[in-house]
1. Answer with yes or no whether Ala156 is out of contact with any Pro (no Cβ under 7 Å at 6 or more places or on another chain), on the phi < 0 side of the Ramachandran plot and not charged (D, E, K, R).
2. Within segment 149-159, take every residue that is in contact (Cβ under 8 Å) with a residue 24 or more places away in the chain and open to solvent by 40 Å² or more (accessible area, probe 1.4 Å) and give me the one that is nearest to Trp300 (Cα to Cα).
3. Residues in segment 196-247 that are closer than 30 Å to Leu290 by Cα and outside any loop (DSSP other than H, G, I, E, B): how many?
4. Here is a list: Ser422, Ser391. Which entry is in contact with a Phe, Trp or Tyr (Cβ under 9 Å, 6 or more places away or on another chain) and polar (S, T, N, Q)?
5. Go over the candidates Ala140, Ala221 one by one and state the one that is surrounded by 17 or more Cβ atoms within 10 Å (Cβ to Cβ), touching a residue at least 24 places away in the same chain (Cβ under 8 Å) and touching a Cys at 6+ places or on another chain (Cβ under 8 Å).
6. Can you find a residue in segment 421-429 that is under 14 Å from Pro198 (Cβ atoms), open to solvent by 50 Å² or more (accessible area, probe 1.4 Å) and not in a loop (DSSP other than H, G, I, E, B)?
7. (1) over 18 Å from Asn177 (Cα atoms); (2) in contact with a helix residue (DSSP H, G or I) (Cβ under 8 Å, 6 or more places away or on another chain): which one isn't true of Glu326, the others all being true?
8. What number goes with the only condition from (1) modelled with pLDDT of 95 or more; (2) closer than 30 Å to Cys381 by Cα that Ser184 does not pass?
Amino acid sequence: MGMGRKGNSYSWLSLCLLGSTIVNIYFLSDLLCNDGKVKVKVSWSEEGAAKAEEVAAINCSNHGRAYLDGMINEDGKPVCECHTCYAGSDCSLSSPDCAADADSGDPLFLENFWMHHASSSAVLISGWHRMSYNFPGLTAISEVLDSHIRHLHHVAKNALTEGKYIVFGGGSTQLLNAAVYALSANLSSPASVVAAVPSYPLYKTQTDFFQNKNYAFKGDASLMSNASYANTNVIEFVTSPNNPDGNLKEAVCKGPCVRAIYDHAYFWPHFTAIPSPADEDVMIFTISKLTGHAGSRFGWALVKDKEVYNNMMTYISVAEMGISRETQIRALQLMKAILRGDGKEIFDYAFEKMSDRWGKLSQIFSKSKRFSIQEIPPLYCNFFDKVRGPSPGYAWVKCEREEDLDCTRVLREANIIGRAGSKFSVDDRHVRLSLLKGDDDFNLLLNHLEKLVDEEGVPEAVSSF
């Protein structure tokens, strides 16, 4: 009898221990989520997250998007903002005969990539986030973002960052003039600002707008003789790869009085071969052509010289008192999302996308005698570790017929909107067509171009210029 009671006691004790273990495992599993990370109870962020999810779920037929800060209906609810040539409450009504707008460099081709990485790229900011003017240490720059940028360049193999300072700016646009200001300070005579044509129009527009006694825009770098810049202070914008033609460039002007600003907005593996990491004195990059987030207005400069760095920081401080903390935290989250795994996914995806677009466009133009597009030779790329073909952001189109003096007008008559060659300081036989926009815009561009070329009725190809 005693032994029976003792045996029963052991049994109950064993059951209690087993039950306790199961309960602990249950609560431990509830506490931990994937990868052993602690699951935090959602409180103040729940309402904001729910609203973001609700708006993102609005059906726009994949031909538009609804946004938290977008258009609303009479009930105050967000509504679809439709892509070009689409309409209706859910953007399902198409107008295939409307114009294909290929003027803008809006980099929406990466939108689908980010929709597939919605969780890792999302940011939800508290109402009290970074209310101060400064980060700790009286700096306006996030050190964590600085380190992520350096790591990203290491992964992309497109720039050397060791020993260089980083300046944040409101997109590359602000940094371009900050660099002109910095390089022209304390010179013995005013600097001539130049750029080899065809060149990005903003160089002239912005330099003229902010012109002062220290510098002035003087036009085409190729027109300056060796003698003229041997004894003249020169600041040359070098766009590599070039906008509009996508070719890699080097500075034209040489000499002790020449300073170069390398605009590397498109120097990423999805737009160009990277023969070797860039290592110039002043290099400017932008998130808009890296991730597609043009609206975030974030760029950075890699600068070798401390005095130039200090001058650029002074410019940004006076103009902005530093770059928005909300912009910096979004840029940081995007960098973190990119660098997951080996950090190569976005470059593989974007290169495949842009390469495919270039192939389709080239196929159409290969059937034309009236139009030609630029040649971009295959080059070795140290990122992909192989020779790779072109994948530029733009087609640089030339009208070959003698009577077609205004190529923009010729394309406009075919319902295609491009950017005139004169905007890039060359003749209007040339026109730039953007390949960066969303799939709807690009497919419409292909359809209109195919119709235009088919109207020629001439199967023979014309050599590119």
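1. No: the conditions fail for Ala156.
2. Checked segment 149-159; the qualifying residue nearest to Trp300 (Cα to Cα) is His151.
3. Total satisfying the criteria: 18.
4. Of Ser422, Ser391, the one residue that is in contact with a Phe, Trp or Tyr (Cβ under 9 Å, 6 or more places away or on another chain) and polar (S, T, N, Q) is Ser391.
5. After applying the criteria, what remains is Ala221.
6. yes
7. (2) is the only condition that Glu326 fails.
8. (2)
The values are calculated or read from the model by the stated rules, or taken from the named source; none is laboratory data. Owing to the predicted nature of the structure, the values given are computational and were not obtained by experimental measurement. Cβ atoms come from the backbone with ideal geometry, glycine included; neighbour counts cover every protein chain shown. Just the protein is used for accessible areas: all its heavy atoms, side chains included, with ligands, DNA and RNA removed. Shrake-Rupley method; radii C 1.70, N 1.55, O 1.52, S 1.80 Å.
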